[in-house]
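Read-outs: derived from the displayed coordinates by stated rules, not from any lab. This one's a predicted model, so the numbers in the text were calculated from it and none came from an experiment. Here the Cβ is made from the backbone with ideal geometry for all residues, glycine too, and neighbour counts use every protein chain on show.
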Amino acid sequence: MGSSSFGWVCGAARRSTSTLDKHMRSILFLVVGFLLLAACLLLGRLFSTNYPNALYAATIAFVLMWLVISVANLWVGVSRAGYTVSDELPIFLLIFGVPAAVAVVLKWRFF
């Protein structure tokens with residue numbers, strides 16, 4: 001194995017220009033967002049017997065945590081990956097907006 005192969009195996013930073021890689025990263029962020037939402041709602045449901053507003057607090061906590069994670073992703077895309085803010089803004093809106101909207105709708109309609 002050459003040194004360039006070893007760097008790739010160890011996860012050395014590289015900018016991917018493949019549209020498949022960009023879409024896959026966005027899909028992974030959405031999946032993580034929905035998993036975090038499920039965990040927050042589960043915790044809210046578990047604590048709702050002792051604390052009646054636990055689901056409301058869990059929804060607010062999820063939206064705030066997801067906002068911080070999404071802004072961090074935007075910052076990494078701009079500062080480290082070399083994208084412009086105008087390139088990253090639609091991805092940010094997708095990554096933050098979809099799970100946050102689902103959280104609000106789930107709380108409003110079902111809990």
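Details
- Note on region 88-103: residues that are surrounded by 14 or more Cβ atoms within 10 Å (Cβ to Cβ) and farther than 17 Å from Val31 by Cβ total 2.
- Restricting region 66-105 to residues that are in contact (Cβ under 8 Å) with a residue 60 or more places away in the chain and out of contact with any helix residue (DSSP H, G or I) (no Cβ under 7 Å at 6 or more places or on another chain), the residue that is nearest to His23 (Cα to Cα) is Ala81.
- Of all residues in region 46-54, one or more are surrounded by 15 or more Cβ atoms within 10 Å (Cβ to Cβ), part of a helix (DSSP H, G or I) and touching a Gly at 6+ places or on another chain (Cβ under 9 Å).
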